[in-house]
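Take a look at the structure set out below.
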Amino acid sequence: MADLCSRATRSHLASTADTRTGALYAGRIAVNMINIAVQPPTQVQAGAVLYPPLVLSSESDAAYDFVQVILLDPYGHVLEDQLYGTLSTSKKALEDGTVGGSSQCLEFAVFPDLTLSYSGSYTLRVNAIRMDYSCPDGPAAVIVMSVTTREIYVYDQRVASEIPSSEEKTLLSRLRRSRGFGVPRPPGRR
């Protein structure tokens, strides 16, 4: 009974959201609420912090309150107690004085310290969540959109560090200089 409001809201949102692409359909126009700006590495040692870190971008007027990351096995099942670090965060504007060519202001969400506990093959799903305060039984968290990373292979032994693309490096440097995002330095560089 307590879930009626959130169930109805989810039903409406499910008809307008495509969780594979992260597009929310408003009429005939698709609006991407969140995008993966920096993918995590394709391989990592179990227990090591993912570098490059997962970074999301969204327009400043995107209709969600925070993002949450969850771990999925190769079959799409949610795995608990195997992903550690910052598992939810809010978007923030990057205020570094750099002027972009777009009229839209981008905001970013960074997961700077994610670690995977066990060897295997995984993906990360990021859910954009909006709080619905209109329910009579109290606030409800509503997933308005999801995006999924590329596959990550986790090994028991050390693996070579991955180097982000030049665009990813530039964004990570800007986020690091901004100091409000907690972006780590590459492994081996302190």
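Condition check: under 27 Å from H77 (Cα atoms) and of a type in the set (D, E). Does E107 satisfy that?
no
If you go through segment 131-143 one residue at a time, do you hit one that is touching a residue at least 24 places away in the same chain (Cβ under 8 Å), closer than 21 Å to V38 by Cα and of a type outside the set (V, I, T)?
No, there is no match, as no residue in segment 131-143 is touching a residue at least 24 places away in the same chain (Cβ under 8 Å), closer than 21 Å to V38 by Cα and of a type outside the set (V, I, T).
Go through segment 29-68 and give me each residue that's surrounded by fewer than 21 Cβ atoms within 10 Å (Cβ to Cβ) and β-branched (V, I, T).
Those that are surrounded by fewer than 21 Cβ atoms within 10 Å (Cβ to Cβ) and β-branched (V, I, T): I29, V31, I36, T42, V49.
Do you know which of the residues in segment 151-185 that are farther than 30 Å from H77 by Cβ and touching a Phe, Trp or Tyr at 6+ places or on another chain (Cβ under 7 Å) is surrounded by the most Cβ atoms within 10 Å (Cβ to Cβ)?
L175
Just to confirm my filter: which strands (runs of 3 or more DSSP E) fall fully inside segment 42-108 and include at least 1 residues that are among the charged types (D, E, K, R) and at pLDDT below 95?
Per the criteria, 54-59.
Of everything in segment 133-190, what is in a loop (DSSP other than H, G, I, E, B), of a type in the set (S, T, Y) and within 23 Å of the chain's Cα centre (by Cα)? Give them in sequence order.
Correct list: T149, S161, S165.
Please list, ordered by first then second residue, the pairs with beta carbon atoms under 7 Å, 6 or more apart or interchain, first in segment 177-190 and over 16 Å from A48 (Cβ atoms), second modelled with pLDDT under 85.
Between residues of segment 177-190 that are over 16 Å from A48 (Cβ atoms) and residues that are modelled with pLDDT under 85, the close pairs are R177/D96; S178/L94; S178/E95; S178/D96.
Restrict the check to segment 110-125 and report whether at least one residue is among the small types (G, A, S), surrounded by 11 or more Cβ atoms within 10 Å (Cβ to Cβ) and modelled with pLDDT under 95.
no
The values are calculated or read from the model by the stated rules, or taken from the named source; none is laboratory data. On a predicted model such as this, the values are computed, not experimentally measured, just so you know. As a convention, Cβ positions derive from the backbone with ideal geometry for all residues, glycine included, and neighbour counts pool all protein chains shown.
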